[in-house]
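The next block holds one structure in the form of structure tokens; read it before the comments.
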Amino acid sequence: MDKQLLSKTAAAMVAKGKGILAADESSGTCETRFKSVGVECSEESRRAYRGLLFTTPGVEQFLSGVILFDETIRQKGADGVAFADYLARKGILPGIKVDKGAHDLALAPGEKVTEGLDGLAQRLGEYFKLGARFAKWRAVITIGDAIPTHACLYANAHALARYSALCQAASIVPIIEPEVLLNGSHTIERCEEVTEATLRATYAALAAHNVAVEHVILKASMVVSGKEASRQAGVDEVAERTLRALKRTVPAAQPGVVFLSGGQSDVSATAHLNAMAATKGLPWPLTFSYSRALQNPALAAWRGQPANVGAAQRAFLHRARMNGLAAQGKWKPEYEKQAV
Ligand code: 13P
């Protein structure tokens, strides 16, 4: 375990004005997203699309890292250079999704546990050689009648802790992502309660497994109203409740917190991050690690056509720039109009 490398990597991941692109969608998720814009999903179209994102001129000003999928870390760009090497040369850290997805949790209807611990030590060794310096593991917590249960929170926390310990032993910084889903008609109060319980269970498990929080990055879901809730909380309330849940549970020793977008609109995800990052006196830097909220406009502009690559890259750069500003609390709604 190279603690110096872990410290250096963690600090670089949350460098000022930069955030992380999540480009680690599984092939199934990619298929759904591509279908929505009429693009056939194949290894080649996924390579072309991700190459478009990575080669966007100037995007390195706003990206500290990119989370890759297993297929992508083994692919090369049009220039014949491996994507991981290309990104590293641009000063962008390559990361890797290592979990094997959320599966039904036995005897717990409606709940999931994330799998992928078997053989993980060997896979991490290989990913390090391929250039990965950080990893991601996503746990999924659903809010519903009488769920999440204690069993679900603790099974997922245990897996996150085992994964984190294995990552640190391999000199790879773990991103822990216990995502509380926004699907449902629950209130924002309920989301806050569940987020707090989830984070409490997660950090208790990390401590039990001797994981150094100094070398962990939290990828948090924001505390929001359920998607179908009759009352939708505004930006200030989302920021206040999210920060309260984080302050109650996340150790100050942790180098940073990044957020997922979780199905929020592109601009909402930016506005929420901006409101939180503008808050003074927080113990950790905050930034983004979005997939949909960074990529949606680029994907819609691309539509699989080589002639649209320039327009797609401009759309992607714009969202990266907006979120880079939001991570410093410097974004303004009117900047959205100066787009592309
Ligand atoms: P979204 O920003 O689309 O929620 O994706 C983030 C992510 O990495 C999910 O694991």
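The values are calculated or read from the model by the stated rules, or taken from the named source; none is laboratory data. Note that the structure is a prediction, hence the values are computed from the model and not measured. Cβ: placed from backbone, ideal geometry, glycine included. Neighbour counts: every protein chain shown. Side chains included, ligands, DNA and RNA excluded: accessible areas come from the protein's heavy atoms. Shrake-Rupley method; radii C 1.70, N 1.55, O 1.52, S 1.80 Å.
Residue by residue, here is whether (1) open to solvent by less than 50 Å² (accessible area, probe 1.4 Å); (2) within 16 Å of the ligand (Cβ to nearest atom) holds:
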residue: A252; (1), (2): no, no
residue: G262; (1), (2): yes, yes
residue: V267; (1), (2): no, yes
residue: T270; (1), (2): yes, yes
residue: L273; (1), (2): yes, yes
residue: A277; (1), (2): yes, no
residue: L282; (1), (2): yes, no
residue: S289; (1), (2): yes, yes
residue: R292; (1), (2): no, yes
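Please report, ordered by residue number, the helices (runs of 4 or more DSSP H) entirely within the range 1-60 with at least 1 residues that are within 16 Å of the ligand (Cβ to nearest atom) and farther than 23 Å from G80 by Cα.
In the range 1-60, the matching helices (runs of 4 or more DSSP H) lie at 3-13, 27-35.
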Next on the checklist: If a residue must be in contact (Cβ under 8 Å) with a residue 40 or more places away in the chain and either closer than 16 Å to G304 by Cα or touching a Cys at 6+ places or on another chain (Cβ under 9 Å) (or both), how many such residues does the range 16-35 contain?
Outcome noted: 3
Checklist entry - Can you find a residue in the range 198-210 that is of a type outside the set (F, W, Y) and within 26 Å of S230 (Cβ to Cβ)? => result yes
Checklist entry - Quick one: is G91 away from the ligand (no atom under 16 Å from the Cβ), of a type outside the set (S, T, Y), assigned to a loop (DSSP other than H, G, I, E, B) and touching a strand residue (DSSP E or B) at 6+ places or on another chain (Cβ under 9 Å)? => result yes
Item to check | Number of the condition not met by A201 [criteria: (1) more than 16 Å from the ligand (Cβ to nearest atom); (2) within 26 Å of L317 (Cβ to Cβ); (3) open to solvent by less than 10 Å² (accessible area, probe 1.4 Å)] | outcome: (2)
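Return the residues of the range 168-192 that are farther than 19 Å from K112 by Cβ and either away from the ligand (no atom under 16 Å from the Cβ) or of a type in the set (K, R) (or both); say none if nothing qualifies.
Q168, A169, A170, S171, I172, S185, T187, I188, E189, E192
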